[in-house]
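Reviewing the structure listed below.
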Amino acid sequence: MIALRPPPAVLEIAEKLEDAGFEAWCVGGAIRDALLGHPDLDWDLATSATPVQVRELFGMRRTVPVGVEFGTVGVLDRAGTMHEVTTFRRDVRTDGRHAEVEFGVSLDDDLARRDFTINAIAYSPRRNEVRDPFDGQRDLARRLVRAVGDPEARMREDRLRALRAIRFAARFDFAIDPATRDAITASAPFLGRLSPERVKQELDKTLEQVRCPSAAFVVWQSTGAFATLVPALASASPEALAVADYLAQPGSAKRPARRAIRFAGLLLGLGAKAAEQVLVSLRASRHETQAVAVLIDRWHAHGQSIADALVAQQPIADVAVRRWVAGIGRLQIGSFMRLAAGVWHAARARGTTVPSDRAARQLYRRMLRVALRDPIDLGSLAIDGDDLRRAGIPAGPGLGKILQALLTAVLEDPDRNTTDWLMREADRLHARLLS
């Protein structure tokens with residue numbers, strides 16, 4: 001067995017609890033991940049002490065009542081890092097998402113209320129003892145996600161467990177125990193009890209933690225989870241679900257901007273408007289919703305023409321690059337080309353002819369030079385609307401059309417971006433509008 005080595009701060013908290021006469025066990029995901037050899041773990045503890053006793057023992061300044069009604073107190077270590085300490089508990093009743101719990105039970109009772117066997121393993125640092133009443137270590141070795149006890153009962157207690165099982169299986173490349181899989185499918189029609197925020201959080205975690213999130217999303221689809229929670233994706237093709245696999249990977253995907261690109265890949269086939277509606281329904285932030293919708297909109301406007309030009313393997317004129325950058329936007333170039341790389345890699349994997357990585361990189365470098373150097377938007381023009389009004393061109397739709405025509409001319413030839421040339425051209429265009 002891989003050695004379990006909780007950090008010194010966790011050992012100190014456990015020791016203080018046990019010196020006061022309470023049991024203290026490391027539990028949960030940290031045990032699972034440590035046994036799998038994963039680094040950078042968040043260690044939590046379970047104890048026989050009640051929340052009140054934990055706060056009395058460590059003092060009010062070192063404790064945070066993060067979930068006292070459910071038995072959880074945050075204990076701050078000497079560095080100010082918080083570790084969750086939760087009283088042994090047992091569910092009394094549940095509505096399918098929130099449970100009413102009672103304290104004063106044993107560690108085994110506490111482990112019995114957990115979701116999956118791989119998460120129901122406890123470790124005592126003082127005794128160097130592992131408590132594993134549901135064969136979680138065996139399931140880790142078998143690479144299996146299996147519910148503790150009766151799978152259907154576990155899903156009824158907390159509907160979120162269906163989505164968590166799918167995520168764990170995809171994250172660790174595990175199989176789902178058949179009985180647990182059946183319980184997930186049976187639970188799918190009731191997943192509407194979950195709040196949109198919790199569903200969005202589970203999607204976030206899948207995109208952040210899973211190398212190939214399509215492994216999770218095809219199960220969301222086949223079990224009926226998408227039909228209940230995100231109907232727009234219920235009939236998405238496997239190819240559409242696979243785009244996110246080729247975008248930001250775990251680690252970088254935790255950055256909101258990179259996760260937004262993965263969301264764009266997942267929702268790309270829906271179009272910008274439908275993708276926006278999905279994110280609004282999931283209570284995504286306005287910033288993220290807009291970022292994803294804009295990226296999808298720009299892809300549908302320019303992605304195919306860019307791909308066709310690169311596949312043709314013919315010289316691409318500077319004016320074409322400037323028009324693409326103008327249409328995509330200076331600040332969107334990086335995100336757009338990352339999305340393009342994901343779309344093209346996914347298409348290449350199914351045998352479709354797409355631009356080469358080398359051609360895409362060369363175009364990206366040209367786009368960056370254009371974005372930094374050339375006038376590609378109205379703000380880059382040597383004149384603005386005020387200049388035109390002072391020259392006698394009245395405000396209104398006509399003035400806007402003239403500015404757009406001037407920008408088009410400058411995109412064709414940046415040397416035209418001078419005050420003299422633009423004012424002469426504006427006068428000519430205005431005269432044409434009046435004729």
Quiz item: Within the range 416-433, is there a residue that is closer than 30 Å to SER335 by Cβ, open to solvent by 70 Å² or more (accessible area, probe 1.4 Å) and touching a residue at least 12 places away in the same chain (Cβ under 8 Å)?
Solution: no
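Considering each of ALA49, ALA24, ALA9 in turn, give the residue that is closer than 23 Å to GLY104 by Cβ, in contact (Cβ under 8 Å) with a residue 40 or more places away in the chain and open to solvent by less than 60 Å² (accessible area, probe 1.4 Å).
Details: ALA49 fails: in contact (Cβ under 8 Å) with a residue 40 or more places away in the chain; ALA9 fails: closer than 23 Å to GLY104 by Cβ.
On inspection, the qualifying residue turns out to be ALA24.
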Only unsatisfied item for GLU157, checking (1) modelled with pLDDT of 95 or more; (2) open to solvent by 30 Å² or more (accessible area, probe 1.4 Å); (3) not basic (Lys, Arg), is (1)
Taking ARG258 as the residue in question, decide whether it is open to solvent by 40 Å² or more (accessible area, probe 1.4 Å), in a helix (DSSP H, G or I) and more than 24 Å from ARG198 (Cβ to Cβ). no
Might you check whether a residue that is crowded, with 20+ Cβ neighbours inside 10 Å, within 28 Å of the chain's Cα centre (by Cα) and either among the basic types (Lys, Arg) or modelled with pLDDT of 95 or more (or both) occurs anywhere in the range 28-43? yes
Only one of SER335, SER380 is of a type in the set (S, T, N, Q) and within 22 Å of ARG258 (Cβ to Cβ), namely SER335
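Can you tell which of ALA293, ALA309, ALA264 is without any contact (Cβ under 8 Å) to a residue 60 or more places away in the chain and either surrounded by 22 or more Cβ atoms within 10 Å (Cβ to Cβ) or within 27 Å of the chain's Cα centre (by Cα) (or both)? Outline the logic, then answer.
On the way: ALA309 fails: either surrounded by 22 or more Cβ atoms within 10 Å (Cβ to Cβ) or within 27 Å of the chain's Cα centre (by Cα) (or both); ALA264 fails: without any contact (Cβ under 8 Å) to a residue 60 or more places away in the chain.
One residue alone meets the criteria, ALA293.
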Of the residues in the range 52-94, those that are open to solvent by less than 40 Å² (accessible area, probe 1.4 Å) and in a helix (DSSP H, G or I) come to VAL54, PHE58
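Looking at ARG161, ARG211, can you tell me which residue is part of a loop (DSSP other than H, G, I, E, B) and within 22 Å of the chain's Cα centre (by Cα)? I'd like the intermediate steps shown before the answer.
On the way: ARG161 fails: part of a loop (DSSP other than H, G, I, E, B).
Exactly one residue qualifies, and that residue is ARG211.
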Restricting the range 166-187 to residues that are open to solvent by less than 50 Å² (accessible area, probe 1.4 Å) and under 19 Å from ASP245 (Cα atoms), the one nearest to the chain's Cα centre (by Cα) turns out to be ARG167
field: VAL319 being touching a residue at least 40 places away in the same chain (Cβ under 8 Å) and either charged (D, E, K, R) or under 29 Å from PRO231 (Cα atoms) (or both)
entry: no
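Of the residues that sit in the range 361-375 and are of a type in the set (A, V, I, L, M) and open to solvent by 20 Å² or more (accessible area, probe 1.4 Å), which one is farthest from ILE316 (Cα to Cα)? If you could, list the steps in order and put the result at the bottom.
Filtering the range 361-375 for residues of a type in the set (A, V, I, L, M) gives 363, 367-368, 370-372.
Next, from what is left, pick out any that are open to solvent by 20 Å² or more (accessible area, probe 1.4 Å): 368, 372.
Details: LEU368: 15, LEU372: 19 Å.
Per the criteria, the residue is LEU372.
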In the range 222-237, anything in contact with a helix residue (DSSP H, G or I) (Cβ under 8 Å, 6 or more places away or on another chain), within 18 Å of SER281 (Cα to Cα) and part of a helix (DSSP H, G or I) is listed as ALA225, PHE226, ALA227, THR228, LEU229, ALA232, LEU233
Among VAL210, VAL230, VAL219, the single one that is closer than 24 Å to LYS273 by Cα and either modelled with pLDDT of 95 or more or surrounded by 14 or more Cβ atoms within 10 Å (Cβ to Cβ) (or both) is VAL230
Hey, any hits in the range 178-200 for a residue that's outside any helix (DSSP H, G or I), modelled with pLDDT of 95 or more and in contact with a Ser or Thr (Cβ under 7 Å, 6 or more places away or on another chain)?
-> no
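Please verify whether the range 321-330 includes one or more residues that are open to solvent by 30 Å² or more (accessible area, probe 1.4 Å), over 26 Å from the mean Cα position of the chain (by Cα) and not charged (D, E, K, R).
The first filter runs over the range 321-330 and keeps only residues open to solvent by 30 Å² or more (accessible area, probe 1.4 Å), leaving 323, 326, 330.
Filter once more, keeping what is over 26 Å from the mean Cα position of the chain (by Cα): 323, 326.
Next cut, not charged (D, E, K, R) only: 326.
Yes, the conditions are met somewhere in the range 321-330.
VAL199 - would you say it is open to solvent by less than 50 Å² (accessible area, probe 1.4 Å) and either of a type in the set (A, V, I, L, M) or farther than 24 Å from SER335 by Cβ (or both)?
On the way: open to solvent by less than 50 Å² (accessible area, probe 1.4 Å): yes; either of a type in the set (A, V, I, L, M) or farther than 24 Å from SER335 by Cβ (or both): yes.
In short, yes.
Considering only the range 367-391, state which residues are β-branched (Val, Ile, Thr) and more than 13 Å from ALA326 (Cα to Cα). Reasoning before the result, please.
At the first step, the residues of the range 367-391 found to be β-branched (Val, Ile, Thr) are 370, 376, 383.
The answer is ILE383, and nothing else.
The values are calculated or read from the model by the stated rules, or taken from the named source; none is laboratory data. These figures come from a predicted structure and were not determined experimentally. Don't worry about glycine lacking a Cβ; one is built from the backbone with ideal geometry, like all the others, and counts go over all protein chains shown. For accessibility, only protein heavy atoms count, side chains too; no ligands or nucleic acids. Shrake-Rupley method; radii C 1.70, N 1.55, O 1.52, S 1.80 Å.
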